[in-house]
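All remarks here apply to the structure that follows.
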Amino acid sequence: MPVLCKPYVKVPEYTISQEQTLALCRQLYSDHPRLDTLLSLVHNTTVEKRHIIQPLEKTLKHPGVEKRQKIYEKKALEFADFVIKGALKNAEKSVSDIDLIIVTSCTGFSFPSLTAHIINRLGFRSDTKQLPIAQLGCAAGGSAIGRAQDYCMAYPKHNVLIVSVEFCSLLYQPYEKNKSVGSILSDSLFGDAVSACVMRSNGGVGLRIDANTSYLIPNTERYISYDFLETGFHFRLNKAVRETMEPVSPVIAEFVRKHNLDVCDLDYCIFHTGGPRILNDLVRLLSISDDKVRFSRECLREYGNIASVVVFEVIRRLFENGKLKSGDRGVLGGFGPGITAEINLNTWVT
């Protein structure tokens, strides 16, 4: 069975604290009719710090779509080069061993895909297959793992490289009038990060991916979305997204049950950090201990919501913790626009 090796994650050097975020909200939205509610919501995100690709003063300005695109492409490739080398080392593989490259990103656009640039820059084989995933948002990390497992099961001697690039700060829109609470809250929640990891068809230490599934909540397309306007992507967040774990949690529980397990008996959970409400609801609805999601909470607190990179950062923390035993079982859930859930069942193997 395919094994996901230790991810390599890199965050930018610049940071913004919750104190700075609250101060900016008071300054930028002083006349907002729901300012007190907004400040309370920002505080309750539990996000203490986020990393951003540019200094704060530059992040708050909009140089135009063209310049933002150039920043995205330049930094995406610089960061990708770095994390890919680390991920290959973690998996004890080289560029010649990789048969498929999957890249996830919902915060910028590259044509040709970043996959083509990566192959040429780092010397991957010319017959390396490419799979860019651009529109699954935060769920794309879970989707990439699922598609990598599918590929490795079809080609049992092949290996997959997964790269996730998310520069959420490049979506900040300072000129948007009449900002909704949801839009301002998203500005206060998202951070920047890049990750890479290798899925080996054979051998390796890490998470053996045993099964995967996907679930789309019907008629929820507008819960999380982009409006593409003159100044680029405008992120839209509907408050109804807070209730989405109600229909998703039974799907997770039933998926685990089909494999003769109970979600309560699992040793760990890797859940996307859409916010504390998402994690709180999953703990409650799945009747699991809060300790099972501690690495997701740590990621949210220290990095914010880093979109498709989240699940890889949580996995990295699982590795770093060093307390898993061979045979420990867990479930992974990535959630994003659609509303889409990407779920897999996995086993720690040494």
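Derivation of every value follows stated rules applied to the coordinates shown; laboratory data play no part. If you're wondering where the values come from, they're calculated on a predicted model, not measured in any experiment. Methodologically, a virtual Cβ is constructed for each residue, glycine included, from the backbone with ideal geometry; neighbour enumeration extends over all protein chains shown.
Among Val160, Ile224, Cys138, whose Cα sits farthest toward the positive end of the charge dipole of the chain (+1 at Cβ of Lys/Arg, -1 at Cβ of Asp/Glu, about the Cα centre)?
The residue sitting farthest along the positive end of the dipole is Val160.
Mind scanning Lys61/Lys239; Lys49/Lys75; Lys61/Lys93; Lys85/Lys157; Lys89/Lys323 and naming the pairs with a C-alpha gap bigger than 32 Å? Write out the running numbers ahead of the final one.
Details: Lys61/Lys239 27 Å; Lys49/Lys75 21 Å; Lys61/Lys93 41 Å; Lys85/Lys157 21 Å; Lys89/Lys323 22 Å.
Cα-Cα > 32 Å for Lys61/Lys93; rest within.
Calculate one ³J(HN,Hα) per residue across region 294-305 by plugging θ = phi - 60° into the Karplus curve 6.51 cos²θ - 1.76 cosθ + 1.60, and present them in order as whole Hz with x for glycine and proline.
5, 6, 5, 5, 4, 4, 4, 5, 8, 10, x, 7
Calculate the dipole size of region 206-349 relative to its Cα centre from +1 charges on Lys and Arg beta carbons and -1 charges on Asp and Glu beta carbons; express the result in debye to the nearest 20.
Taking the Cα centre of region 206-349 as origin, the dipole is about 180 debye.
About the Cα centre of region 3-200, what is the dipole size in debye to 20, counting +1 per Lys and Arg Cβ and -1 per Asp and Glu Cβ, all else neutral?
On the way: 24 positive and 19 negative charges, 67 e Å.
Dipole about the Cα centre, nearest 20: 320 debye.
Using 0.36 nm per residue of separation minus the Cα-Cα distance, give me the extension gain between Lys157 and Arg34 in nm, one decimal. Please report the intermediate quantities before stating the final value.
On the way: separation 123, 0.36 × 123 = 44.28 nm, distance 5.67 nm.
Going from the current span to full extension adds 38.6 nm.
Sorted by mean Cβ packing within 10 Å, highest first, what order do the peptides 303-312, 59-68 take?
Values: 303-312: 29.7, 59-68: 13.3.
Highest mean packing first, the order is 303-312, 59-68.
Helix-only mean residue ellipticity at 222 nm, the chain, DSSP H runs n ≥ 4 weighted -39,500 (n - 2.57), per residue, nearest 500. What is it? Spell out each step's value before the answer.
Numbers: 11 runs with 129 residues, N = 350.
Per the formula, -11500 deg cm²/dmol.
Amide H neighbours of Phe271 under 5 Å, at least 5 residues apart or on other chains, H built in the peptide plane: list them.
Ser296, Gly333
In nm², what is the average projected area of the convex hull enclosing the Cα atoms of region 206-349? Provide the component values of the computation, followed by the final result.
Details: hull surface 35.4 nm².
The orientation-averaged projected area of the Cα hull of region 206-349 comes to 8.8 nm².
Counting only C-alpha contacts under 8 Å and six or more residues apart, can you give the relative contact order of the chain as a whole percent?
Values: 738 pairs, mean separation 90.9, N = 350.
RCO, the chain: 26 percent.
So between Thr15 and Met1, what do we pick up on full extension, going 0.36 nm a residue minus the alpha carbon distance?
Working: separation 14, 0.36 × 14 = 5.04 nm, distance 3.93 nm.
Full extension from Thr15 to Met1 adds 1.1 nm.
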